[in-house]
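Everything below concerns the one structure shown next.
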Amino acid sequence: MRTVSEPEQPERAGNERDPAEGVGEERHGTPDPGGAEPVATTERVARVDSASLDRTQRVPPTWTEPLAIKLSNLFGGRLGVHAQVGRQWFWTPLRVILLLAVLLLAASWLLKAPCAQTYETTDGPRLDWRDNRQYVALCYTDLIPRYGAGDLAPDGAFPYKTSWVDDPGTPHEQVRYMMYPVLTGLFQWANAKLTDGWMTLAAHGVLPATAESAVYFEISAFWLATAWLVTVWALYRLCRFRAWDAALAATAPLAFVHAFTNFDALATALATTGLLAWARKRVTLAGVLLGLGAATKLYPLLLIGPILVLCLRSGRVREGLRALLAMLSAWLVVNLPIMIMFPRGWWEFFRFNSARPADPDSLYNVVMHFGDWAGFDGPLGPNETPSVLNAVSFVLLLLGCAAIGVLALSAPVRPRLAQLCFLVVAVFLLTNKVWSPQYSLWLVPLAVLAIPRWRLLATWMLLDAALWAPRMYYFLGTSNNGLPEDWFLGAVVVRDAVVVLICVLIVREILRPELDRVRRAPHSDPHGGFLDNKPDRFVLPIRRRRVGNPARRPPVAVNFRGT
């Protein structure tokens, strides 16, 4: 019997030798079965990396993914059947994927760089956002205007304590505080302090001087780039048997456009490392990371739901409750001090999001525009909360999560954790009244784990990233030669339709698990931790069809001619 601490040993063909056997040993001849003397030849067995996955454990993308097959033609073609893998000592798949991510992040920084350019004035350098440059150059980022808010730049300012007034002297006048969750707010404050230090050294000629907002952007971008690299690293570790799937996130067009649009890379790093901890059966650590992620952005909080449902189905409720308790504890440790000391500032995140109307990217706004409809609440007055819209959005989210829960407990084979996580986050975005463009980053790691079909995901990410251009030109306004709202909302509908299509395909693979490219056995879940290969204990009594064994699927037909 294999103990929990022992590594899993995948099945090998009967004639395949364990790569760890005979590593570096010297063999003299081949013994004769009849007991005769060995042949007088000397052979030294080549050293192999016994820590790497062997050939039977790898899924080369150039054997299964049409997009990878076409791209491989630029680099010599597909992997051959006799190719040696796992022998490269430096350019390992992880380092290649991280290099791709670094190059993408450098390109993303160049995309945003025009918004950090300055021009000289009598008062010193100022950001060059003249003539709506932030929209025309497609370089808009929330990082730069955040530094100009009243809770970061002034001396002695502290988020959730320091307030400022928006639109003073108008009917829309509103006292404002930091509107981000606590960890994101403290992250911004720490970068503001680093900016102050930079400007102090620049005043003494030690560092180059420029506008404070530009320095703040550069410092924040460095940490956000690090967070996305952590996301890619954790995703690579999660992909294990399909390591090159992580390249989809490393080269994601959505990361190119939105890595520095807002602070969401912090949340993706914590959420993905939390899933990695769960996959490695580090339950408490997984809960802590998800709790910290929820203190950064809301969406990591949603991932605990699929964990609890799958734990219920597999009879591992104790592990699920441990993760939930750890998540709530970590969230409280971060939030409680701010909640007690600055209750009004801490509540601003919830007040601000409750008071927001339907976002331009939301389906509610699409229906309101094309249907010539005033919305659930009708025309809103100054500082009026769309209470009916909030209730409808919340109820739709609950109904969507309930449907996912029923699917998880009644599917013919227990769904994989990543599949449910993607569905929950996608339902949240589709039913929410706000879908800020950078929120799509949340889906990237989950999509790679849930449905690693390269052409499908590449198409979705390209379409979603391309939505940035009509959004910017819609904000520019038709009076400035921008796009009319119809064009922008048409692009929103296309984006949402593709996300719905991905959800439908994931549900299809849940109901027909033999189509799932990630499963290696009927109950396997490489990201499931304690759930992997565990039998079901609780299943809803809904009639289910008989399911084939994923391990018995016919091999992928590949033509190796010329390899």
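Some points to look at:
- Global form of the stretch 112-163, assessed from the alpha-carbon gyration tensor, a/c cut-off 1.5: oblate
- If the chain linking F241 and V165 were pulled fully straight, counting 0.36 nm for each residue of separation and taking away their Cα-Cα distance, it would gain 22.0 nm.
- Legend: residues K70, K534, K297, sorted from most to least accessible area (1.4 Å probe; ligands, DNA and RNA excluded), read K70, K534, K297.
- Cut-off 18 Å, label 7 Å out along Cα→Cβ of R344, residues of the stretch 175-216 by amide N: 175-180
- Using a Förster distance of 22 Å, the FRET efficiency for L194-L462 (Cβ separation, nearest 0.05): 0.05
- Value of relative contact order over the stretch 186-324, rounded to a whole percent, pairs C-alpha under 8 Å and six or more apart: 17
- Over the stretch 382-496, Cα pairs under 8 Å with separation of 6+ residues give a relative contact order of 20 percent.
- Using a simple spin-label model with pseudo-atoms 7 Å out from Cα toward Cβ, F75 and R322 lie 4.0 nm apart.
- When the solvent-accessible area of the stretch 171-300 is split by element, carbon and sulfur atoms take up 68 percent of it, the probe being 1.4 Å.
- The figure for M199 is an accessible area of roughly 40 square angstrom, using a 1.4 Å probe on the protein chains alone.
- The stretch 209-281: C-alpha gyration tensor shape, a/c 1.5 cut-off, then a/b vs b/c: prolate
- Descending Cα extents along the principal axes, the stretch 246-391, whole Å: 51, 43, 34
- Pairs from the table (K112/K161; K112/K193; K70/K433; K70/K297) lying more than 32 angstrom apart at Cα are K70/K433; K70/K297.
- Cα-based shape type of the stretch 180-319, given that a ≥ b ≥ c are square roots of the gyration tensor eigenvalues and the cut on a/c is 1.5: prolate
- Across H527, H172, the residue with the most accessible area heads the list, and the full order at a 1.4 Å probe is H172, H527.
- The solvent-accessible area of Y147, taken with every protein chain present and a 1.4 Å probe, is close to 10 Å².
- Accessible surface, per residue, of the stretch 176-238 when the full set of protein chains is kept, probe 1.4 Å, Å²: 39
- For F90, solvent-accessible area (1.4 Å; no DNA, RNA or ligand), Å²: 80
The values are calculated or read from the model by the stated rules, or taken from the named source; none is laboratory data. Everything quoted here is computed from the prediction, not taken from an experiment. All Cβ positions, even for glycine, are placed from backbone atoms using ideal geometry, and neighbour counts span all protein chains on display. Areas reflect the complete protein model, heavy atoms only, side chains present, ligands, DNA and RNA absent. Shrake-Rupley method; radii C 1.70, N 1.55, O 1.52, S 1.80 Å.
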